[in-house]
Each structure stands twice: as C-alpha cells, then as structure tokens.
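S.K.: Handing you a structure now.
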Amino acid sequence: MKLFEYEAKAIIQKYGIKIPRGQIARTADEVAAATAAIGGAVFIKSQITVSGRGKAGGILPAAGKDAARQVAGSLLGKRIKDVPVKAVLVEEKLALKEQYYASIAIDRQAKSFVALASTSGGVDIEEVSRTEPEKIARRHLDPLAAPAPADFAKMLDRFQLAPDDAARFAGVLFTLYKLALEYDAELVELNPLVKTADGEFYAADARMTLDDNAIFRHPEFAERNLHREEDTPRESEARKQKYSYVDLDGDIGIIGNGAGLVMATVDMVQVFGGRPANFLDIGGGAEVEVIKNGVLLVMNKPEVRAVLINILGGITRCDLVAQGVVEGLKAAVVQKPVAVRMMGTNEKEGQEILRQHGIGYYPDMERATAAIVKSGEGRK
Amino acid sequence: MSVIVNQDTRVVVQGITGNEGRFHTVAMKNYGTNIVAGCTPGKGGQTVEGIPVYDHVSDAVKNHGANTSILFVPARAAKSGVNEAIDAGIKTIVVITEGIPQADEIEFVAKAARQGVTIVGPNCPGLINPGLRIKVGILPVHIFQPGKIGIISRSGTLTYEIAWHITAAGSGQSTCIGMGGDPIIGLDFVKLLALFRDDAETGGVVLIGEIGGNAEEKAAQYIIETKYPKPVVAYIAGRMAPPGKRMGHAGAIIMGSSGTAKSKIEAYAAAGVPVAEKPSDIVKLLKM
C-alpha cells in the first residue's frame, strides 16, 4: 500500500527527521488559511501517490494567501497524471542549498534491503542510475546483522562530503532503515533530501510503500488499506471481501482459482480475440459463498457482457463450485452468458448441477474460452 | 540422484493439527510420503492419523530422524517456524504458507542460505516426484504420472493445468516443483535448473513463469552461459497485466519498466527457449 506524502512525512518526523512546516488542505479556503499560517512563500503539492507529479504540474509555488487560493483552484478536484487530486499539502519553501537522495527498499533479486544514496537528488533517480550510475551509492544490508550508522557513513565516502554533512546524511539513512523495519515498508524514499542554507537536513519529499503482507502487524492501517488511491471502486469492494481482484478494460469477466491460472485465463481470452474485463482470483478450497460473491462481483460490473469461470484443483469440490455459480447467477441483477470450466473432486455432480440450470460446462479452458468469446459476437 | 526428495526423505509437518495441515498430511501419507511426525507448539503428545505430534521440531529430528519439514502455519508464525526447523537441523523446508511479511522472508531465507538449508517457497504448492511417489506439498496427485519432464513453476494451479496437458498427452513428470509466488523466495529457476540438469530421470524442463521480478531473465542467462544440455520450454502468465497492479501473487507485479512479460519472452528467445502462447502448447513445444 502506497502512503501519501503527508502520511509518510508524519511517520518520518516521529523518527526525528526534520520536515518542512506544512498543513494538509482539502478546499481553497483551507489552502489560503494554511498559507497565511505558514507565512511567506509556499509550495502547494498534490497528494497523489503516482510518481512524476512534479513534472506533470502537480506541485506549484505560491507567494501569498491569495495566490495560493488561485493555485488551489487549479489543483483540487483536477486530475494530475489521470489521478483526481482530493487534497494538497501546503508547505513552507525551504532555503535550499543541496538536494540529495536517500532511500531504503527491498531488493527482491538480492533478497535483502538495499540502501541508496546520491548527491544528485530532486530528479528521477532511475534516470540518474541509467546515465550517471557513479553518482549513486548502494549498499545491501545483511539481513542477519543489524547495520550501524557507521556502515551508512562508509557508503557515502565517495561523495567526499564535509564531516558534518556526512554524519547527518548517514544518520538519515540509518533512521530510514529502522523505520522501514518497524513499519514493514518495502520502500521509504526521500527525494529530495534537502540541505538548507543553515546546514540542516530536511525530508522535502517522502514516499513510502507498506508491505501488503504485513498490514496485519499494523492494525492502525487496516481501515486505510481499504481506501487506496490506486484502487478502483470495485477493487476496493473486492479488497473488503478479501478477494484478489484487478479491473481491466474489456467486457469478458474472469474468475478462477490461483493467480497463475487466472492470469493465464486473462491471456487466453486475448489469444481468442476477446477483451478481459477483470482478474479475479478466489483462492483455493472455494466454498459456495465465496464463489457466489465472486460471481456477483463480476456479473454486476456494467461493462461485463459474459463471464468465464476457470476452476482447477484437486481438492476443490466441483459440486460446491456449481452451486456457488448457480446462487451467484440467481442473485445477479442482470443475466449474462456464463461458461464454466472446472476440474476436481465430484466433477460429475457439478456438471449435472450446471446442466440442470442451463449453464455452459466445458472440460478444458480453451473450449470454455472459445465459447465465451463467441457468445458475444453479433451483439456489438 | 532425484531432485530435493528421495527414499530417505522423512517429513515433519509443522502445523499438523490445523485443518489444512491435517488434510494434507493424510493426502501426502496416502500417496506414499514418509511422514514421521507432526509439530504444533502446545499440542505435544497428541497424534494425528497415528502420527505423533511434538511441541518442538527438534524432538521430531531426535526421535524420528526427520530431515524435511513442511509448514502449514499461519503467516504470523511462519518466521519462528522456519527458524525453529533450521535450528533443529532440518535440511529441506517447504513453506506452503501464503501472506508472510517480506521482512520475515528476507530474514529466514538468509539464515537458511547461510546454514546450507534449502527453502522451497514461501507461498508455494510444494513438490511431487510421481516415480518415487513422494509428495511434500498440496498438489493433486491424480494429475501426475511418472515420466521424463521436470516442471519448475512460480504458480500452483497453473502448474496443475500444464502437468495435466503433459499427462493427457501420454507423457509424465520426473519432478514437479512450485517455487512460490512471493517476491522473496528460497529456491529459484537457476538453482532448480542446476538440480534438474544432474537428475537422470529428467529429459526436458518446463519453466512456468509470470510477470514481476527477473527470475526468467536470470534463467535465460543461465541457460546460455551453461549451454544447458536438456531441452527447456517455457510459459509466461500475465502478458496482459497492467503495470503497477499485483496480479494475485505478491510477486506478480510490473514495477516501472521491470518485470514485463515482453522482457521475459525476449530473454527466452535469446536463449533459444520456446515460449508457449497457451498452456496446452507446452506439449507441442516439448515435441512429445
């Protein structure tokens, strides 16, 4: 789960890293009030989690409260990088001297956390790593031996910073590492990490992504987890019901068990010339209720005109799958063509239930896919 | 030399008293796996289907010579479960559990690597050797039959789909292993390709991959560098997945420009590994 800048900064500040004075605002009036309270020039920053918002015009300066009110009007309620801006962070403009980069992230290839640091901050770090890799210091952190601030100081040697600056920079990295572990963050990134004219270090921008698998350890985020900016309303609903669901932009609804099989089903619909409307993995050992609600979730999506169900499992009981499908279809507002492929225990019984209800059953995924793609031909 | 399991495999089931643990213990035992003990803290002294249950893995090692463990414990208990198995001297640990925090995985995968312990998974279906009739996992056994094809996969049910096509075509599998759908896993394609290369039972290998990470690119590189001596074919799920969305598996996510199906298909092409468009095409590519 990606946190907004203001959420990440609140956490970072708790760990003693300085952040610019700022206030979150959701209306033009609030923006004006916040600007007046902060005093002087401010930045008004769209709170969206997609990267590249600065370049896309999502961060704008304002000299005073009237200007700020105007800027707010051009951001709030508008879309930046196709994401609606619901809130802005109004922040003091720092007297900056240097822009650095600092992050801690999980490196899946190395199977460890990695610390990255650069004295070329404030720009796209992937770009820096491509064009000037020597400007980035990298250190993989031993999972079995806690690193000390000195380890981080060492990785900064190549930048030949003044001793004071190097110590502060290393301190920030060490703090980020501690914070990443305590919050189960896959990524915590300060870009830029700013050094001001008076020599202080500030997190001018902050990004933080929490490990989805670890939300259970952080109950304070349980509710927040259901309101993700990156989720569509239907994805949000699915998350509440503990389904693994992704919206796609086609018209054939897809339900299956197991991530790989569902992805393969999505791909196969395309191979047969159809356009998938979603990805829905209902997981293993499906119960009637789980199948039913999954069917409903997909059937009730207005763009869906037909549904393909692909269940494969040794222990999955096909009679229960069939029952769930039947109940889901009964509860659905609008009826749409359905093709079911299933394999597992009690296959014959399941087949019989589907036959009684006139639902298409197919023994393999290719025939089921071909049938469902064809079912809509001539309608459009 | 078979892959990971053999006639000496003696399994302890961690989390044997839970529903899932109990169910799959019976299934593994009926297939022929030598399940010697179970382990659930606080339930020592009980039996499950005649199998003795202990509080500690070390007792299963001491009393029954267990050398392999399989975990059905909840995600929050997985790290301590794996660490306990490593400390008890278990050499192969199959982690079925899904949803383990990545920081925990990083820690126990590193610990296992340092002590020479093999981790399969997490978030995996385990493995099966139809010739030896040994299964350490949750795979449905009726789909498999003894044969020459090795399967290495990042998925569960998609593995069954492809194994089923191979079986239906009259062939069979030497060893079939699900390496897990999480970003951080123990065994990967490269290490498993090395094991299958040395396995006399295996005549060809199927790599079932998906979007996210660069495990497939690494496998392709390994095949080129070692002039891999056995035929390898591949399937990649998620060609149509949008960037930035987790497709069911924690590890199945395109981040920025990394982890796309396109990059994986190109890497395989460069290594001379044919990639199936549909699961059923694997059979044709294997030229069975």
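The values are calculated or read from the model by the stated rules, or taken from the named source; none is laboratory data. Every value quoted in this text rests on a predicted model; they were computed, and no experiment measured them. Here the Cβ positions follow ideal geometry from the backbone for every residue, glycine too, while neighbour counts run over all protein chains shown.
S.K.: Does any residue in the stretch A:287-298 that is in contact (Cβ under 8 Å) with a residue 12 or more places away in the chain and within 13 Å of A:Ala322 (Cα to Cα) come within less than 6 Å, Cβ to Cβ, of a residue that is in a helix (DSSP H, G or I) and of a type in the set (Asp, Glu) six or more places away or on a different chain, and which pairs are these?
M.R.: A:Lys292/A:Glu327
S.K.: Still on this structure, I have one more. Could you pull out the residue among A:Thr345, A:Thr369 that is modelled with pLDDT of 95 or more and among the polar types (S, T, N, Q)?
M.R.: Answer to the check: A:Thr369.
S.K.: Looking for something surrounded by fewer than 20 Cβ atoms within 10 Å (Cβ to Cβ), part of a strand (DSSP E or B) and within 14 Å of chain B (Cβ to nearest Cβ) - is there at least one such residue anywhere in the stretch A:140-149?
M.R.: yes
S.K.: Answer yes or no: is there a residue in the stretch A:186-200 that is within 14 Å of chain B (Cβ to nearest Cβ), in a strand (DSSP E or B), within 18 Å of the chain's Cα centre (by Cα) and farther than 13 Å from A:Ala115 by Cβ.
M.R.: So far as the stretch A:186-200 goes, yes, one or more of its residues are within 14 Å of chain B (Cβ to nearest Cβ), in a strand (DSSP E or B), within 18 Å of the chain's Cα centre (by Cα) and farther than 13 Å from A:Ala115 by Cβ.
S.K.: Among the residues that make up the stretch B:52-64, is at least one of them at positive phi and out of contact with any Gly (no Cβ under 9 Å at 6 or more places or on another chain)?
M.R.: There is no residue in the stretch B:52-64 that is at positive phi and out of contact with any Gly (no Cβ under 9 Å at 6 or more places or on another chain).
S.K.: Only one residue in B:Ser171, B:Ser155 is more than 11 Å from chain A (Cβ to nearest Cβ), assigned to a loop (DSSP other than H, G, I, E, B) and either of a type in the set (Lys, Arg) or touching a residue at least 12 places away in the same chain (Cβ under 8 Å) (or both). Which one?
M.R.: Result: B:Ser171 is the single residue among B:Ser171, B:Ser155 that is more than 11 Å from chain A (Cβ to nearest Cβ), assigned to a loop (DSSP other than H, G, I, E, B) and either of a type in the set (Lys, Arg) or touching a residue at least 12 places away in the same chain (Cβ under 8 Å) (or both).
S.K.: Could you check the stretch A:157-191 and list, in sequence order, the residues that are touching a Leu at 6+ places or on another chain (Cβ under 6 Å) and surrounded by fewer than 19 Cβ atoms within 10 Å (Cβ to Cβ)?
M.R.: The answer is A:Ala166, and nothing else.
S.K.: A follow-up question, please. Restricting the stretch B:225-246 to residues that are crowded, with 23+ Cβ neighbours inside 10 Å and over 19 Å from the mean Cα position of the chain (by Cα), which is farthest from the other protein chains (Cβ to nearest Cβ)?
M.R.: Of everything passing the filter in the stretch B:225-246, B:Ala241 is farthest from the other protein chains (Cβ to nearest Cβ).
S.K.: Something else about it: Tell me yes or no: at least one residue of the stretch A:213-223 is assigned by TED's automatic domain parsing to the domain that holds A:Gln109 and over 30 Å from A:Ser244 (Cβ atoms).
M.R.: No; the residues of the stretch A:213-223 include none that is assigned by TED's automatic domain parsing to the domain that holds A:Gln109 and over 30 Å from A:Ser244 (Cβ atoms).
S.K.: Keeping to the stretch A:221-256, report how many residues are within 13 Å of chain B (Cβ to nearest Cβ), crowded, with 17+ Cβ neighbours inside 10 Å and part of a loop (DSSP other than H, G, I, E, B).
M.R.: 4
S.K.: Looking only at residues that are among the charged types (D, E, K, R) and not in a loop (DSSP other than H, G, I, E, B) in the stretch A:79-124, which one is nearest to A:Ala214 (Cα to Cα)?
M.R.: Once the filter is applied, the top-ranked residue is A:Asp107.
S.K.: Let me ask something additional. When you scan the stretch B:97-107, do you find a residue that is in contact with a Pro (Cβ under 8 Å, 6 or more places away or on another chain), β-branched (Val, Ile, Thr), more than 8 Å from every other protein chain (Cβ to nearest Cβ) and under 25 Å from A:Leu187 (Cα atoms), even just one?
M.R.: Among the residues of the stretch B:97-107, at least one is in contact with a Pro (Cβ under 8 Å, 6 or more places away or on another chain), β-branched (Val, Ile, Thr), more than 8 Å from every other protein chain (Cβ to nearest Cβ) and under 25 Å from A:Leu187 (Cα atoms), which makes the answer yes.
S.K.: Out of the stretch A:271-286, which residues are under 18 Å from A:Leu248 (Cβ atoms) and either assigned to a loop (DSSP other than H, G, I, E, B) or not assigned by TED's automatic domain parsing to the domain that holds A:Gln335 (or both)?
M.R.: A:Phe272, A:Gly273, A:Gly274, A:Arg275, A:Ala277, A:Ile282
S.K.: Any idea which of (1) out of contact with any helix residue (DSSP H, G or I) (no Cβ under 8 Å at 6 or more places or on another chain); (2) away from chain A (no Cβ under 12 Å) is the one B:Arg114 doesn't satisfy?
M.R.: For B:Arg114, the exception is condition (2).
S.K.: Further, regarding this structure: Restricting to the stretch B:83-113, count the residues that are polar (S, T, N, Q) and not in a helix (DSSP H, G or I).
M.R.: Qualifying residue count for the region: 2.
S.K.: Tell me which residues, restricted to the stretch A:96-134, are within 14 Å of another protein chain (Cβ to nearest Cβ), of a type in the set (D, E, K, R) and either under 18 Å from A:Arg207 (Cα atoms) or surrounded by fewer than 20 Cβ atoms within 10 Å (Cβ to Cβ) (or both).
M.R.: Matches in the stretch A:96-134: A:Asp107, A:Asp124, A:Glu126, A:Glu127, A:Arg130.
S.K.: Would you say B:Ile185 is over 28 Å from A:Arg367 (Cβ atoms), in a loop (DSSP other than H, G, I, E, B) and facing another protein chain (nearest Cβ under 9 Å)?
M.R.: Spelling it out, B:Ile185 is indeed over 28 Å from A:Arg367 (Cβ atoms), in a loop (DSSP other than H, G, I, E, B) and facing another protein chain (nearest Cβ under 9 Å).
S.K.: Still on this structure, I have one more. Given the options B:Pro130, B:Pro146, name the one that is closer than 22 Å to B:Arg10 by Cα, at pLDDT 95 or above, over 17 Å from the mean Cα position of the chain (by Cα) and not hydroxyl-bearing (Ser, Thr, Tyr).
M.R.: B:Pro146
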